[in-house]
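Working notes for the structure below.
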Amino acid sequence: MIARYTLAKMGKLWTDLHKKKTWFKVELAALWAKEQKGDAPKGVFESARLVRITQKVLKRADEIEKQTDHDLIAFVLAVTELLDETVKRYFHAGLTSFDIEDTALALVLKDCLELIAQKLEHLKSVLLKKADEHRYTLQIGRTHFVHAEPITFGFKLLGWVDVIERHQNRIKNLREEIGVGKLSGAVGIYDLDPKIEELACQYLGLRPAKISTQILSRDLLGHYSATLAGVANSLDRFATEVRHLAGTDIGEVAEFKRPGAKGSSAMPGKSLLRNSIKSENICGLARVARGYLIPSFECEITWNERTLENSSAERIYLPDLTIVLDFMLQRFTDTMEKLEVFPKQMEQNVWRTGGVVFAQRVMLKLTEKDMVRDEAYNLLEKIALSVRRETFKNDDGQSFRDLVSQNEAIRKLLTAEEINECFNPELTLKHIDYIFEKFGL
């Protein structure tokens, strides 16, 4: 992933130096297991552990790779040059390259998922705080991008929290699933005693694969990618909603814009109107994240016990997908934490249609007075259709609410107080505390 979208902690986990250090960690675990099993003399593990994997070692491995054309072999040879003679005969013995690479990858992915889990928790806390702040902030609900009935802005945000909580559970389960290692050798039939794999994985905090070929099955990485892309997809949904609400014609929220930041190279007024560039950025990156599902799924398909077509693709899509989601989470959390909300504009939008959005309440009230539902529906539909779309008033300047209050059929069944109550937006709030209690608020 390009530096623009790479944050320090996550980026470090995908550096070549960290990868090679993790490879060495797996090699050390194998030595430790051989010692414990009695298949290597005491002291080889401690002796090998004195070696430090540095850029100098990586440079030497790069030189060797020019001859070997194999990065794992080159790394093993570069490290072997630093080992005592006693240790050399046991280092990497009985192992194949992806015993090291797949097991090391599991360790890296577990660490990546821990960072993602932390950021999901932070995002959840930001959304909960903002939702509670706007628990009673009335807002028009929209279906098909058209006014429906009132909700609250806090209610909308709780819907996002619900999604985040499900993603948190998925990440937790994925971290458990992905934490699997293998030291089963070429084609997976064990050159070493299987007990060594078991001990080494125990040392690394992994569980040994139930079965593996020369590689772990790539359905594991397909699930990893699908889970991360799923989080990105939800962030796309949330950011799209921010973009909608921030549009000038709706004007209910706005992204924070720090002093001095410019809105357009051509239009100075954009500094006031504010393009939703952070949310747009998130939506764009979600397209990248979803795009990596195809190579991820295709990489499950290898020939027989091992072919190499997965390797090149995984070097690209795994770090890119993980790094881009990490960035998206931080950006959206920051956007929501600083988001400006305009309750007065939300209230104005509730009344923009002159009360048409309260038609269902009037209909239900009429049915309580024994008017047949279809008759009530048709009556209110006729009244609604008598106002103009441009102004939401009829030719005499009367709104839907005015017309309902004056309609003889309605006035025969409902008092003025009952009609006014139907148009009271505060009725939206009658169950709102019940909903918030489900989230511990």
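What residue, of Gly251, Gly260, Gly284, is assigned to a loop (DSSP other than H, G, I, E, B), of a type outside the set (D, E, K, R) and modelled with pLDDT of 90 or more? Before you say what the answer is, go through the steps one by one.
Values: Gly260 fails: modelled with pLDDT of 90 or more; Gly284 fails: assigned to a loop (DSSP other than H, G, I, E, B).
Result: Gly251 is the single residue among Gly251, Gly260, Gly284 that is assigned to a loop (DSSP other than H, G, I, E, B), of a type outside the set (D, E, K, R) and modelled with pLDDT of 90 or more.
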As an exercise: evaluate Glu46 against (1) farther than 24 Å from Ser184 by Cβ; (2) touching a residue at least 40 places away in the same chain (Cβ under 8 Å); (3) acidic (Asp, Glu) and give the number of the one condition it does not meet. (2)
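Let's see how each residue does on (1) in the same structural domain as Gly38 (by TED's automatic domain parsing); (2) surrounded by 19 or more Cβ atoms within 10 Å (Cβ to Cβ); (3) within 25 Å of Leu318 (Cα to Cα); (4) of a type in the set (Asp, Glu):
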position: Leu174; (1), (2), (3), (4): yes, yes, yes, no
position: Lys182; (1), (2), (3), (4): yes, yes, yes, no
position: Asp193; (1), (2), (3), (4): yes, no, no, yes
position: Glu198; (1), (2), (3), (4): yes, no, no, yes
position: Gln214; (1), (2), (3), (4): yes, yes, yes, no
position: Asp219; (1), (2), (3), (4): yes, no, yes, yes
Can you tell me how many residues within the stretch 143-161 are touching a Phe, Trp or Tyr at 6+ places or on another chain (Cβ under 6 Å) and loosely packed, with under 15 Cβ neighbours inside 10 Å? 0
Kindly indicate whether Ile140 is in contact (Cβ under 8 Å) with a residue 12 or more places away in the chain, crowded, with 20+ Cβ neighbours inside 10 Å and not in a helix (DSSP H, G or I). yes
Per the list (1) over 17 Å from Ile196 (Cβ atoms); (2) touching an Asp or Glu at 6+ places or on another chain (Cβ under 7 Å); (3) touching a residue at least 24 places away in the same chain (Cβ under 8 Å), residue check on Ala74 breaks on (3)
The conditions are (1) assigned to a helix (DSSP H, G or I); (2) under 30 Å from Ile323 (Cα atoms), and Arg52 fails exactly one of them. Which is it? (1)
Just to be sure, is Ile164 surrounded by 18 or more Cβ atoms within 10 Å (Cβ to Cβ) and assigned to a helix (DSSP H, G or I)? yes
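Against the definition (part of a helix (DSSP H, G or I), surrounded by fewer than 20 Cβ atoms within 10 Å (Cβ to Cβ), in contact with a Lys or Arg (Cβ under 8 Å, 6 or more places away or on another chain) and in the same structural domain as Glu300 (by TED's automatic domain parsing)), how does Glu241 come out, yes or no?
Working: part of a helix (DSSP H, G or I): yes; surrounded by fewer than 20 Cβ atoms within 10 Å (Cβ to Cβ): yes; in contact with a Lys or Arg (Cβ under 8 Å, 6 or more places away or on another chain): yes; in the same structural domain as Glu300 (by TED's automatic domain parsing): yes.
The answer is yes for Glu241.
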Which condition breaks for Leu28 when tested against (1) in contact (Cβ under 8 Å) with a residue 12 or more places away in the chain; (2) not assigned by TED's automatic domain parsing to the domain that holds Asn281? (2)
Filter the stretch 378-401 down to the residues that are within 47 Å of the chain's Cα centre (by Cα) and surrounded by 16 or more Cβ atoms within 10 Å (Cβ to Cβ) and list them by number. Leu379, Leu380, Ile383, Ala384, Val387, Phe392, Lys393, Ser399, Phe400, Arg401
Identity of the residue in the stretch 391-405, in contact with a helix residue (DSSP H, G or I) (Cβ under 8 Å, 6 or more places away or on another chain) and in a loop (DSSP other than H, G, I, E, B), that ends up farthest from Phe358 (Cα to Cα): Asn394
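The values are calculated or read from the model by the stated rules, or taken from the named source; none is laboratory data. It should be emphasised that the depicted structure is a prediction, and the values quoted were computed from it without experimental measurement. Glycine gets a Cβ as well: all are built from the backbone with ideal geometry, and neighbour counts include every protein chain shown.
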